[in-house]
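Here the structure comes first, spelled out in structure tokens, and everything after it is commentary.
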Amino acid sequence: MLELSESINVWALFEKSTVKPFIFLWNSRKIKIETINFVHTTHEGSALIYHFSVSSGGNFYKICFDTASLKWILEAV
């Protein structure tokens, strides 16, 4: 996997206490998430970070959501 740290825009559903990303925009492409393979959380200081391993079109991506800054990051492709 190629490790990255790029800010991305994400269309996501926030329902009750869960976050579910559906689509993210990267390099002028709209990538529809077909499967959320794994979700886990970590803490960076007081911030809770949600990490998602997702797949689309045979490709795998790692994205994360920082609850303190409300930013999405593409971590790996």
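The values are calculated or read from the model by the stated rules, or taken from the named source; none is laboratory data. Keep in mind it's a predicted model, so treat the numbers as computed, not measured. In this analysis, Cβ positions are derived from the backbone assuming ideal geometry, glycine residues included, and neighbour counts consider all displayed protein chains. Side chains included, ligands, DNA and RNA excluded: accessible areas come from the protein's heavy atoms. Shrake-Rupley method; radii C 1.70, N 1.55, O 1.52, S 1.80 Å.
Of all residues in region 43-77, those satisfying the criterion of being among the hydroxyl-bearing types (Ser, Thr, Tyr) and closer than 18 Å to Glu3 by Cα are Tyr50, Ser53, Ser55, Ser56, Tyr61. Here Met1 clears all of (1) part of a strand (DSSP E or B); (2) open to solvent by 100 Å² or more (accessible area, probe 1.4 Å) except the condition numbered (1).
Checking the stated criteria, Val19 turns out to be open to solvent by less than 50 Å² (accessible area, probe 1.4 Å) and under 15 Å from Asp66 (Cα atoms).
So, Lys30, is that one surrounded by 10 or more Cβ atoms within 10 Å (Cβ to Cβ), in contact (Cβ under 8 Å) with a residue 12 or more places away in the chain, assigned to a strand (DSSP E or B) and charged (D, E, K, R) or not? No, not satisfied. The conditions of being out of contact with any Ser or Thr (no Cβ under 6 Å at 6 or more places or on another chain) and touching a residue at least 24 places away in the same chain (Cβ under 8 Å) are met by Val77.
I'm trying to understand the selection: among the residues of region 34-77, which are in contact with a Leu (Cβ under 9 Å, 6 or more places away or on another chain) and either open to solvent by 20 Å² or more (accessible area, probe 1.4 Å) or assigned to a loop (DSSP other than H, G, I, E, B) (or both)? Thr41, Thr42, Lys62, Asp66, Thr67, Ala68, Ile73, Glu75, Val77, listed by residue number.
Which is at pLDDT 95 or above, over 12 Å from Ile73 (Cβ atoms), touching a strand residue (DSSP E or B) at 6+ places or on another chain (Cβ under 8 Å) and not small (Gly, Ala, Ser), of Val10, Val39? Exactly one residue qualifies, and that residue is Val39.
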